[in-house]
Structure formats: structure tokens, C-alpha cells
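This report refers to the structure that appears directly beneath it.
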Amino acid sequence: MTDLAPWPYPRWIAHRGAGKLAPENTLSAFRLGARHGYRMFECDAKLSRDGVLFLMHDTDLQRTTNARGTGGDRTMGELAQLDAGSWHSRAYAGEPLPTLEALVRWCLANHLCLNVEIKPTPGQEAATGRAVGELLGALWPQDAVPPLLSSFQPASLAGARDTAPRLPRALLADRLADAAGDVDLCTALKLGCIAMVLNHALWNTPLVAKMHGAGLRCASYTVNDERAARHLIALGTDSIITDRVDLFAPGD
Ligand code: G3P
Ligand code: MG
């Protein structure tokens, strides 16, 4: 039995800022999540054409901005001019598409925790991971609760490990890795991860025991109903990523 990795994070993590209540991955969304009492935030980060990390979930701009095409094909100067709020609602018209650095500085100024999901444009896996490690390694003070760097892409986590070995990492997975019903524990351990962040429906008692036995923490995405949340807490998992900042009061 390996010692459990330290887990200085709250149980509740707001997904993309404030779930669906504000335009995802914008500073307005993170501010709204904080107004609901959330102390930790998940965001999606990728590289612009000129090497700046910006916040956006999809590869394509179409769903969450007023433009089309691959976000990573544009410079940050071009991305900064887009409207990342009108798609959501009129109240957010003109909301800018932020850099990861802007979010980091806001979190630090407000003493908030951050989970950066490294969400590379396809083909940019390792470079995006390296860039996230470089930025966070440079900006985040050594004496603050460190940001958690997560990804579905092992190459991105390897890149982050190479540039910021001291920052904790987590492997994301949305399905079981093999027919035996196991997740990719070996990959997580090889990458020096401290946690697995799984589609919440995958967790069960033996899997939590196996992860904790291997020293890894257990977290879930994206949990939006109370029954599922109660189940995950009863299983002894460590953190829950939710859209429903209006439903779950992040008391711990
Ligand atoms: O980081 C957890 C969760 O955000 C992963 O899935 O597609 O919502 O980025 P997705
Ligand atoms: Mg995400």
C-alpha cells in the first residue's frame, strides 16, 4: 500500500468557470463561479498560432465564439478580438476570449485553486503540455496550493512533467482502458500523476480502493445531479467537477 498523494484541493471544482450559467472559459464565468462560493476552477487550455495559451474547449471556434475554423490556427491578437459571449446570451455579448495567464493572475489575486485541463489542438499535444508547464511553473508561487494539470493526452502530461516537474498532474479518462474493467493506472503512474479524473459513472468501490491503494486520488467529471454526487462521496472519492455551481454549495 503506497501513501496517498497529498490532495490540498477542495471537494468541489467548478467546470469551465460556472458550468452553463455563463459563457464557458471566460473570466466572467470564473467570477460567477467564485460568487457562488467556489474556490477551485477547471479550465481548458490550448496554444494559439503564435504560442500563447488561451482558454477554449473545442478545437473549432464555431460553438463558443463569433468565428469559425481552428482556434489554434489564429494568433492571440486575432483571438483576443473575438466575441466569446454572444453565443451564450445577450448579457455576455462582447465577452473576450481570455489567455490562460489572465486566469492564472486572477486566481492568484483571489487566492483560488486552479485545475488546468491541457486540451491541445490535435497535433499539438506535447507542445501544449510543455507550454502549460512553463507558464504555470513561472507564474505560480512555490508556497501557494499548486495548480493541478490534467489531460486526456499522455503526451501533454509528459510535456508538462518535463517543464514543470513539481506541479501535480492527473490523467483524465472517459472509458475503461481494457476489457477487464480497469482504467489506465499504469499510464498514470508512469507519468507521475497524483490522481485519475474519470467520467463519474466509471467509479465503483473496487476501483476507488485500487487507486487509493496505488497512492492516487480519485476525482470525477462532470457531475450535475445530487444522487450521483452523493454516490461519489459515499465511495470515498476526493473531488467532484460540476457545472451546477447553483445546485451544489461547495462547503468543503
Ligand atoms: O477536466 C474535466 C472535464 O472538463 C473533461 O472533459 O470535455 O468537459 O473538457 P471536457
Ligand atoms: Mg475540460
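From the set of residues in segment 54-91 that are open to solvent by 30 Å² or more (accessible area, probe 1.4 Å) and hydrophobic (A, V, I, L, M, F, W, C), which is farthest from ligand 2 (Cβ to nearest atom)?
Of everything passing the filter in segment 54-91, Ala91 is farthest from ligand 2 (Cβ to nearest atom).
This table checks each residue for (1) hydrophobic (A, V, I, L, M, F, W, C); (2) touching a strand residue (DSSP E or B) at 6+ places or on another chain (Cβ under 6 Å).
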site	(1), (2)
Leu82	yes, no
His88	no, no
Ala93	yes, no
Ile118	yes, yes
Thr121	no, yes
Arg130	no, no
Pro141	no, no
Ser150	no, yes
Arg161	no, no
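For segment 154-213, how many residues meet the condition of being in contact with a Gly (Cβ under 9 Å, 6 or more places away or on another chain) and part of a strand (DSSP E or B)?
The qualifying residues number 1.
Could you please find all residues in segment 157-169 being under 19 Å from Leu216 (Cα atoms) and surrounded by 24 or more Cβ atoms within 10 Å (Cβ to Cβ)?
The answer is Leu157, Ala160, Arg169.
Take segment 37-51 and flag every residue that is of a type in the set (Phe, Trp, Tyr) and away from ligand 2 (no atom under 11 Å from the Cβ).
Within segment 37-51, the subset of a type in the set (Phe, Trp, Tyr) is 38, 41.
Of everything in segment 37-51, just one residue is of a type in the set (Phe, Trp, Tyr) and away from ligand 2 (no atom under 11 Å from the Cβ), namely Tyr38.
Counting just the residues of segment 207-235 that are closer than 20 Å to Arg169 by Cα and not hydrophobic (A, V, I, L, M, F, W, C), which one comes out nearest to ligand 1 (Cβ to nearest atom)?
The residue in question is Tyr221.
Across segment 133-153, which residue is surrounded by the fewest Cβ atoms within 10 Å (Cβ to Cβ) among those that are of a type in the set (Gly, Ala, Ser) and either within 16 Å of ligand 2 (Cβ to nearest atom) or outside any helix (DSSP H, G or I) (or both)? Reasoning before the result, please.
In the first step, residues of segment 133-153 are kept if they are of a type in the set (Gly, Ala, Ser); the result is 133, 137-138, 144, 150-151.
If we keep only those that are either within 16 Å of ligand 2 (Cβ to nearest atom) or outside any helix (DSSP H, G or I) (or both) too, we end up with 144, 150-151.
Values: Ala144: 14, Ser150: 26, Ser151: 28.
Here the residue is Ala144.
So which residues in segment 214-252 are open to solvent by 30 Å² or more (accessible area, probe 1.4 Å), outside any loop (DSSP other than H, G, I, E, B) and either in contact with a Ser or Thr (Cβ under 7 Å, 6 or more places away or on another chain) or within 16 Å of ligand 2 (Cβ to nearest atom) (or both)?
Result: Tyr221, single match.
From (1) touching an Asp or Glu at 6+ places or on another chain (Cβ under 8 Å); (2) within 29 Å of Leu247 (Cα to Cα), pick out the condition that doesn't hold for Arg31.
Among (1) touching an Asp or Glu at 6+ places or on another chain (Cβ under 8 Å); (2) within 29 Å of Leu247 (Cα to Cα), the lone unmet condition for Arg31 is (1).
The values are calculated or read from the model by the stated rules, or taken from the named source; none is laboratory data. These figures come from a predicted structure and were not determined experimentally. Every residue, glycine as well, gets a Cβ built from its backbone with ideal geometry; the counts of neighbours run over all protein chains shown. Side chains are part of the model used for accessible areas, which takes the heavy atoms of the whole protein and leaves out ligands, DNA and RNA. Shrake-Rupley method; radii C 1.70, N 1.55, O 1.52, S 1.80 Å.
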